[in-house]
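The values are calculated or read from the model by the stated rules, or taken from the named source; none is laboratory data. Everything numeric in this text was worked out from a predicted model, so none of it was measured. Using ideal geometry, Cβ is built from the backbone for each residue, glycine included, and neighbour counts are taken over all protein chains shown. Side chains are part of the model used for accessible areas, which takes the heavy atoms of the whole protein and leaves out ligands, DNA and RNA. Shrake-Rupley method; radii C 1.70, N 1.55, O 1.52, S 1.80 Å.
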Amino acid sequence: MISLNSHPSGRHFLQIPGPSPVPDRILRAIDNATIDHRGPEFAALGKAVISGMQQIFRTSGNVVIYPSSGTGAWEAALVNTMSPGDLVLMVETGQFATLWKKMADKLGVRVEFIAGDWRHGVDPMAVEARLAQDKGHEIRAVCVVHNETSTGSTSRIHEVRKAIDRAGHPALLMVDTVSGLGCADYRHDEWGVDVSVSGSQKGLMMPPGLSFNAVSAKALAAAAQARLPRSYWDWAEMVAINPSGYFPYTPSTNMLYGLVEAIAMLLEEGLENVFARHQRHAEATRRAIRAWELEILCLEPAEYSPVLTAVVMPDGHNADRFRKVVLENFNMSLGQGLGKLSGRVFRIGHLGDFNDLTLCGTLSGVEMGLGLAGVPHSKGGVQAAMAYLAETAAPAVVKAG
């Protein structure tokens, strides 16, 4: 039998870009007794999580919650808005953009895929140029990834919306913000997003198991005409019953307990403070990488992710071997390279329930691991990060008395 408690002494450093570590406060909430999902107590819970997620997405519109991974919410976004043979425009920013494209193919949606190098976010000018060519408005939607977890590049969604508007195109804007929500600035309504897709296991600091669609009025109108088969994923049944606090199926009651706490933690800190914290830790991480004289995968500083940083291994060195050394010696998990980046990069997650000391411990494990694995690097990365953290630390508030 495989033991789930075989780690050595001390905490396990789960520094992959999600699932992120789950705070005790959320774990304790999930541990509450299950209640009747048709009773009045649950109705209050349902209303609380839906209104709370509206605040996190920054929308006054509908938020639909599914008991699934983010992959389910991807499918819901497509099947609710598309008909067989519809054309969508997607952009190859990394592994997750590629997987969403493959799903669309399987569902019978035609995809035009703008090629990318996996080192940049979405190019708004390329989107605008393609839409300007589409005089007959054959393209039904533009589907992009906000924070590409495989590469550490964050796309400028507000610029993509501006590009669509400049082209005068009626296409829906659908955005995967599975790893962006709760970590990076995201504004569903203000940015004119029609469908936002997210999940519970990243910035929301929860275990995997819940996913979300934030839906605009324009997307709901498209859903009334869409002809792809849908049943479980149908927005209509959800939107009809959700105002009462209930769901048209048996919901993940205990996960919703955790979601209440996750929302409370984010709002208590303040979303702007959450985003600033992530940006600060990301910059400290990048300073460490530069001090090690290693290469950051993302090439555009304006697109650096506040969620994770992908590091390119020097030629002749395998990222998975390095990750194995770190895990076996320091009980720390780092993210692997996905798809065409397999073995070529490792990813440092700096998201969720995370503070300065967690980052320092993470970077110490990386620096020691580089030495043990024989990866060429310069010393001083941890010191560079610590210096930045010290100079940007908020002054302590001393209470009188």
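Quick grid of which residues meet (1) open to solvent by less than 10 Å² (accessible area, probe 1.4 Å); (2) outside any helix (DSSP H, G or I):
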{"position": "323", "(1), (2)": "no, no"}
{"position": "327", "(1), (2)": "no, no"}
{"position": "334", "(1), (2)": "yes, yes"}
{"position": "346", "(1), (2)": "yes, yes"}
{"position": "358", "(1), (2)": "no, no"}
{"position": "369", "(1), (2)": "yes, no"}
{"position": "376", "(1), (2)": "no, yes"}
{"position": "385", "(1), (2)": "yes, no"}
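Anything in the range 35-49 that is open to solvent by 40 Å² or more (accessible area, probe 1.4 Å), free of Cβ contacts under 8 Å to residues at least 24 places away in the same chain and either hydrophobic (A, V, I, L, M, F, W, C) or assigned to a loop (DSSP other than H, G, I, E, B) (or both)? List them, or say none.
36
So residue 352 fits all but one of (1) open to solvent by less than 30 Å² (accessible area, probe 1.4 Å); (2) out of contact with any Asp or Glu (no Cβ under 6 Å at 6 or more places or on another chain); (3) closer than 20 Å to residue 273 by Cα; (4) in a helix (DSSP H, G or I); what number is the exception?
With (1) open to solvent by less than 30 Å² (accessible area, probe 1.4 Å); (2) out of contact with any Asp or Glu (no Cβ under 6 Å at 6 or more places or on another chain); (3) closer than 20 Å to residue 273 by Cα; (4) in a helix (DSSP H, G or I) applied to residue 352, the lone miss is (4).
Out of the range 156-176, which residues are touching a helix residue (DSSP H, G or I) at 6+ places or on another chain (Cβ under 8 Å), surrounded by 24 or more Cβ atoms within 10 Å (Cβ to Cβ) and either modelled with pLDDT under 95 or closer than 19 Å to residue 271 by Cβ (or both)?
175
What residue, of 209, 180, is among the small types (Gly, Ala, Ser), surrounded by fewer than 24 Cβ atoms within 10 Å (Cβ to Cβ) and in contact (Cβ under 8 Å) with a residue 40 or more places away in the chain?
209
Could you tell me whether any residue of the range 350-360 is over 13 Å from residue 285 (Cβ atoms) and of a type in the set (Ser, Thr, Tyr)?
No, the range 350-360 contains no residue that is over 13 Å from residue 285 (Cβ atoms) and of a type in the set (Ser, Thr, Tyr).
Enumerate the pairs (first residue in the range 23-34 and closer than 16 Å to residue 202 by Cα and without any contact (Cβ under 8 Å) to a residue 40 or more places away in the chain; second residue anywhere and among the polar types (S, T, N, Q) and loosely packed, with under 12 Cβ neighbours inside 10 Å) with beta-carbon separation below 8 Å, excluding pairs fewer than 6 apart on the same chain, so at least 6 apart or on different chains.
Matching pairs, first to second residue: none at all.
Quickly run through the range 359-383 and pick out the residues that are closer than 30 Å to residue 270 by Cα and free of Cβ contacts under 8 Å to residues at least 60 places away in the same chain.
360, 364
Quick check on residue 321: is it basic (Lys, Arg) and within 20 Å of residue 364 (Cβ to Cβ)?
Considered against the rule, which asks whether it is basic (Lys, Arg) and within 20 Å of residue 364 (Cβ to Cβ), residue 321 comes out as yes.
With 215, 239 as the choices, which residue is surrounded by 24 or more Cβ atoms within 10 Å (Cβ to Cβ), closer than 30 Å to residue 34 by Cα and touching a residue at least 60 places away in the same chain (Cβ under 8 Å)?
215
Restricting to the range 54-69, give me the number of residues that are open to solvent by less than 10 Å² (accessible area, probe 1.4 Å), in contact with a helix residue (DSSP H, G or I) (Cβ under 9 Å, 6 or more places away or on another chain) and in a helix (DSSP H, G or I).
Counting residues in the range 54-69 that are open to solvent by less than 10 Å² (accessible area, probe 1.4 Å), in contact with a helix residue (DSSP H, G or I) (Cβ under 9 Å, 6 or more places away or on another chain) and in a helix (DSSP H, G or I) gives 1.
One line per residue, one yes/no per condition, for (1) at pLDDT 95 or above; (2) under 11 Å from residue 65 (Cα atoms); (3) under 22 Å from the mean Cα position of the chain (by Cα):
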{"residue": "199", "(1), (2), (3)": "yes, yes, yes"}
{"residue": "204", "(1), (2), (3)": "yes, no, yes"}
{"residue": "214", "(1), (2), (3)": "yes, yes, yes"}
{"residue": "250", "(1), (2), (3)": "no, no, no"}
{"residue": "260", "(1), (2), (3)": "yes, no, yes"}
{"residue": "266", "(1), (2), (3)": "yes, no, yes"}
{"residue": "274", "(1), (2), (3)": "yes, no, yes"}
{"residue": "290", "(1), (2), (3)": "yes, no, no"}
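Can you confirm whether the range 304-316 contains a residue that is part of a helix (DSSP H, G or I), at pLDDT 95 or above and not aromatic (Phe, Trp, Tyr)?
no
Only one of these conditions is not met by residue 269: (1) touching a residue at least 40 places away in the same chain (Cβ under 8 Å); (2) within 20 Å of residue 186 (Cα to Cα); (3) acidic (Asp, Glu). Which number is it?
(1)
I'm told residue 341 meets every condition in (1) surrounded by fewer than 18 Cβ atoms within 10 Å (Cβ to Cβ); (2) out of contact with any helix residue (DSSP H, G or I) (no Cβ under 6 Å at 6 or more places or on another chain); (3) closer than 17 Å to residue 93 by Cα except one. Can you identify the failing condition by its number?
Exception for residue 341: condition (1).
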